[in-house]
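The values are calculated or read from the model by the stated rules, or taken from the named source; none is laboratory data. Computed from a predicted model, the values in this text were never measured in an experiment. Cβ placement follows ideal geometry from the backbone for every residue including glycine, while neighbour counts extend to all protein chains displayed. For accessibility, only protein heavy atoms count, side chains too; no ligands or nucleic acids. Shrake-Rupley method; radii C 1.70, N 1.55, O 1.52, S 1.80 Å.
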Amino acid sequence: MRVIARRTLRDFVDGLAGHKDQPAVKAALDAWFSEVCKANWATSADVKQRYATASIVNAERIVFNIKGNDYRLVVAVDFEKSIVWIKWIGTHRGYDKIDVTEVEYGG
């Protein structure tokens with residue numbers, strides 16, 4: 001899969017500078033990015049097979065739990081084109097304040 005854009009993940013981690021979670025969040029996001037880049041998902045069932053705790057919101061939106069569900073990563077997936085777009089990343093508390101079906105990246 002092609003992930004757009006890794007910079008979004010880096011910027012988020014950089015924004016946690018000095019926070020006790022930063023190293024763990026960085027490691028979790030790096031692992032997620034690496035795994036997804038190697039994945040060849042054809043359907044949301046393929047995603048669930050690897051990420052049992054991922055929430056399939058609709059045909060294109062998926063929510064991943066990061067660092068033991070302390071953080072959430074919302075993506076849009078185009079299975080036909082093998083592209084994953086990062087739409088939002090933040091804390092679980094922040095996630096509760098967004099509309100996961102409409103949110104676009106803004107930090």
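Annotations
- Within the range 7-25, the presence of a residue that is of a type in the set (S, T, Y), touching a helix residue (DSSP H, G or I) at 6+ places or on another chain (Cβ under 7 Å), touching a residue at least 24 places away in the same chain (Cβ under 8 Å) and on the phi < 0 side of the Ramachandran plot is excluded.
- Selection count where residues are under 12 Å from R2 (Cα atoms) and either aromatic (F, W, Y) or touching a strand residue (DSSP E or B) at 6+ places or on another chain (Cβ under 8 Å) (or both), scope the range 25-74: 4
- Segments classed as helices (runs of 4 or more DSSP H), wholly inside the chain, with at least 3 members that are open to solvent by 70 Å² or more (accessible area, probe 1.4 Å): 6-15, 22-38, 44-50
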